[in-house]
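Bear in mind these aren't lab numbers, they're just calculated from the coordinates by the rules spelled out. Please read these numbers as outputs of a predicted model, since none were measured by experiment. So basically every Cβ, Gly included, is an ideal-geometry build from the backbone, and we count neighbours across all protein chains shown.
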Amino acid sequence: MHAIATSVAALLAVGTGGAGCPEPVGIDRSAPVITRDEIVIHAPLDRVWRIQTDVENWPAWQPGVGSVVKQTPGPLRPGSSWVWSTEGLEGITSTVVQVDPGRRIVWGGPAQGITAVHVWTFTPTRDGVRVHTEESWTGEPVSADVELLQQALDGSLEHWLHNLKQRAEQGA
């Protein structure tokens, strides 16, 4: 799957059908920066999924997200996109590549020379939902300072998961 992660266009060409795709789209496993993290959230799956996929409301519970402008109406589906800013990165355009509602969503996109592929997986547990995330970054800025960008992505995803947990467990 490494080759498909080189551009969002390639990802979209492969990942058009969510659960109907022959195999799930994943991160670029050869990327210089990859982060994987997970957390158990003690809340119903439908609440966790709704909070995570309601991109326009991310600024309400994600302090690092400054703005989100959804480009496509309705629920997230392959081809849905939004433009947003987070942690000093402005004008990020994210596009959904695959979605299996309530279970898995993959999006990716460019931002200031970085191409990201981000996979979220939601697994019901006895006492809530295990949310697993993994993200890869490629591009010249990444290759120029792998250590710094690895730390940035590690911290970003850790904060994201903890903020999602807090929001979902509050019953939002």
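Separation of region 27-102 and region 148-172, taken as the distance between their Cα centroids, equals 11 angstrom. Here the contact order of the chain, divided by its residue count and restricted to Cα pairs under 8 Å and six or more residues apart, works out to 29 percent.
Once both labels are positioned 7 Å from their Cα atoms along Cα-to-Cβ, the gap between residue 112 and residue 127 label points is 4.0 nm. In this simple spin-label model, placing a label point 7 Å from the Cα along the Cα-to-Cβ direction at both residue 83 and residue 46 gives a separation of 3.5 nm. Projecting the Cα atoms of 78, 162, 142 onto the charge dipole of the chain, computed from C-beta unit charges around the Cα centre, puts 78 farthest toward the positive end. Take the Cα of residue 56, step 7 Å toward its Cβ, do the same at residue 70, and the gap between the two points is 0.5 nm. In this structure, residue 166 and residue 144 have a Cβ-Cβ separation that, at R0 = 41 Å, corresponds to a calculated FRET efficiency of about 0.75.
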